[in-house]
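Step one of this worksheet: look at the structure below.
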């Protein structure tokens, strides 16, 4: 663009600002110029066009008929130019990948693994939003990726299955129990339980029934309304918990929690799913999605 055309844009911008404010002094304040400089811009534009744009009053200005016609065209054109420039700047700016997960998934599965993501993709910016809401429209929520737990039939179209639900009793090593082999052992321990009627397989009565010990008695039952609280209590040595193997696999592998039974309870029609906001994601989003799938494959629960 030539310097002459650039000067034209400055003059037109000054003209539109005066039109909107209907006052040269107010336009000067908005443009961060002196009143004299704005007046000179208007005079220079009128000279180049060959006709008057304003009728000058004592403290205000009024558009001429030609000025009204020009304002309608130029105002819209400058808005389009500004919109195009903002869009190009936004596209050129590195945007973080926004990833949402429930509080339990975020705290137990996602956050402990982020160091591996940063090691693999050090230039990626990721924003993690823990939210238990079931988001129907990720784009409207300004979310790129979501990890959600639901039944197979409730998984939306295009969702990628990460791993299935498998539950097994776990305990902190400090409790001194390595194998839960008979029901009378339970009388020495508190049972930590997720108090949610929508997931009965995470309550001890379901596992005990599955194990063949429906009448077993424990020292007490401690109930929590968030699953990550159950695991935090187990890590503190407060009792036995039903561990969701997919979420706490690293804790088991690192011996922070011990599997105290080989009897697993598998919920085959429920799983953890990866949802994407768009079928044509940008490069950074694809990288995070692939990393999540790779991490899930390490657990080895996709086909159980």
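The values are calculated or read from the model by the stated rules, or taken from the named source; none is laboratory data. Just so we're clear, the structure is a prediction, and the values are computed from it rather than from any experiment. No Cβ is skipped: glycine too gets one built from the backbone with ideal geometry, and neighbour counts run over all protein chains shown.
Of the conditions (1) touching a helix residue (DSSP H, G or I) at 6+ places or on another chain (Cβ under 8 Å); (2) surrounded by 16 or more Cβ atoms within 10 Å (Cβ to Cβ), residue 285 satisfies every one except a single condition; which number is it?
(1)
With (1) touching a residue at least 24 places away in the same chain (Cβ under 8 Å); (2) in contact with a strand residue (DSSP E or B) (Cβ under 7 Å, 6 or more places away or on another chain) as the list, and residue 13 as the residue in question, which single condition is left unmet?
Against the list (1) touching a residue at least 24 places away in the same chain (Cβ under 8 Å); (2) in contact with a strand residue (DSSP E or B) (Cβ under 7 Å, 6 or more places away or on another chain), residue 13 comes up short only on (2).
Okay, residues lined up against (1) touching a strand residue (DSSP E or B) at 6+ places or on another chain (Cβ under 9 Å); (2) assigned to a loop (DSSP other than H, G, I, E, B); (3) more than 30 Å from residue 251 (Cβ to Cβ); (4) modelled with pLDDT of 90 or more:
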site: 51; (1), (2), (3), (4): no, yes, yes, yes
site: 68; (1), (2), (3), (4): no, no, yes, yes
site: 73; (1), (2), (3), (4): no, no, yes, yes
site: 80; (1), (2), (3), (4): no, no, yes, no
site: 95; (1), (2), (3), (4): no, yes, yes, no
site: 105; (1), (2), (3), (4): yes, no, no, yes
site: 109; (1), (2), (3), (4): yes, no, no, yes
site: 112; (1), (2), (3), (4): no, no, no, yes
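Considering each residue of segment 27-74, count those that are under 42 Å from the mean Cα position of the chain (by Cα) and closer than 15 Å to residue 8 by Cβ, and give that number.
2
Those residues that are surrounded by fewer than 19 Cβ atoms within 10 Å (Cβ to Cβ) and at negative phi, I need them from segment 17-28; list them, please.
Filtering segment 17-28 for residues surrounded by fewer than 19 Cβ atoms within 10 Å (Cβ to Cβ) gives 20-23, 25-26.
20, 21, 23, 25, 26 - these are the residues of segment 17-28 that are surrounded by fewer than 19 Cβ atoms within 10 Å (Cβ to Cβ) and at negative phi.
I need a count of the residues in segment 126-152 that are modelled with pLDDT of 85 or more and either over 12 Å from the mean Cα position of the chain (by Cα) or within 21 Å of residue 247 (Cα to Cα) (or both).
Here the count works out to 14.
Output the residues belonging to segment 114-140 that are farther than 12 Å from residue 276 by Cα and assigned to a loop (DSSP other than H, G, I, E, B).
Result: 121, 122, 123, 124, 125, 131, 132, 133, 134, 140.
Results for (1) touching a residue at least 24 places away in the same chain (Cβ under 8 Å); (2) within 30 Å of residue 123 (Cβ to Cβ); (3) in contact with a strand residue (DSSP E or B) (Cβ under 6 Å, 6 or more places away or on another chain), shown as yes or no for each residue.
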| position | (1), (2), (3) |
| --- | --- |
| 245 | yes, no, yes |
| 255 | yes, no, no |
| 259 | yes, no, yes |
| 263 | yes, no, no |
| 271 | yes, no, yes |
| 278 | yes, yes, no |
| 281 | yes, yes, no |
| 286 | no, yes, no |
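Conditions (1) touching a residue at least 40 places away in the same chain (Cβ under 8 Å); (2) assigned by TED's automatic domain parsing to the domain that holds residue 289; (3) within 23 Å of residue 114 (Cα to Cα), marked per residue:
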residue: 132; (1), (2), (3): no, yes, yes
residue: 137; (1), (2), (3): no, yes, no
residue: 145; (1), (2), (3): yes, yes, yes
residue: 148; (1), (2), (3): yes, yes, yes
residue: 164; (1), (2), (3): yes, yes, yes
